[in-house]
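Report on the following structure.
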Amino acid sequence: MKISCLSLLSFLIFTSSVGAAEIRDADRLLRVSNVASQFESMTLLQTQNIIRTYTSIVAMSAEVELPQWIKMEIAACYKQTFAWEKFEDGIAQILLDNFSNHEMILLTNFYRSEGLPPTEIPNFKAAIAKGEMIQQLTADYIFANSDGCAEHDIDLILGFLADPHLESKKTLAAE
């Protein structure tokens, strides 16, 4: 059986346009569900918790206060390393791989407050039931596709603590 170049080209154009429409649906779902903002908020919250933990550890073990410039450098690393733009395409692909086009449309309509017909409730519930799995896949994706900042943070803090001019709070208080 011989496939003409025109048939093959038509097939490729059709499949790429179907893929493009699905990608648009996934991007639209990410946009209307406000995932980018939530991602950035969670990154900021996690960064604040990490800095608070580092500050506590340094204060308890070395009896010194972590300087603001180190805290700012740590925050900058997390902001850059976990920028939404670095993960957006991969997370959209996770949605594509795990939701049918119909499910993405249902979820998009839900987030747009367009409601859904009663006959679609079972399909909507099935889509929602995938949420935990998609969260885990997303977390795994982020972990696998980021370098993290722990090594950077440790180097900064240890460099600061190794400074021979550093004096502890106790020494400063005694003077």
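Legend: calculated FRET efficiency, Q136 to A20, from the Cβ-Cβ distance at R0 = 22 Å, rounded to 0.05, equals 0.20. The aspartates and glutamates within cross-link reach of K130, meaning a Cα-to-Cα straight distance under 12 Å and a gap of 8 or more places when in the same chain, are D97, E103. Taking the square roots of 5 times each eigenvalue of the Cα gyration tensor of region 23-163, largest first, gives ellipsoid semi-axes of 40, 14, 12 Å.
Between the residues H102, I121, V35, the greatest Cα displacement towards the positive end of the dipole of region 26-175, with unit charges on the Cβ of Lys, Arg, Asp and Glu, is found for I121. For region 23-163, the relative contact order is 35 percent, taking Cα pairs closer than 8 Å that sit 6 or more residues apart in sequence and dividing their mean separation by the residue count. Could you give the nm distance between label points at F124 and A59, where each point is 7 Å from its Cα heading toward the beta carbon? Once both label points are built, they end up 4.7 nm from each other. In this structure, H165 and A83 have a Cβ-Cβ separation that, at R0 = 41 Å, corresponds to a calculated FRET efficiency of about 0.70.
Read-outs: derived from the displayed coordinates by stated rules, not from any lab. Just so it is clear, the structure is predicted and the values come from calculations on it, not from any experiment. No Cβ is skipped: glycine too gets one built from the backbone with ideal geometry, and neighbour counts run over all protein chains shown.
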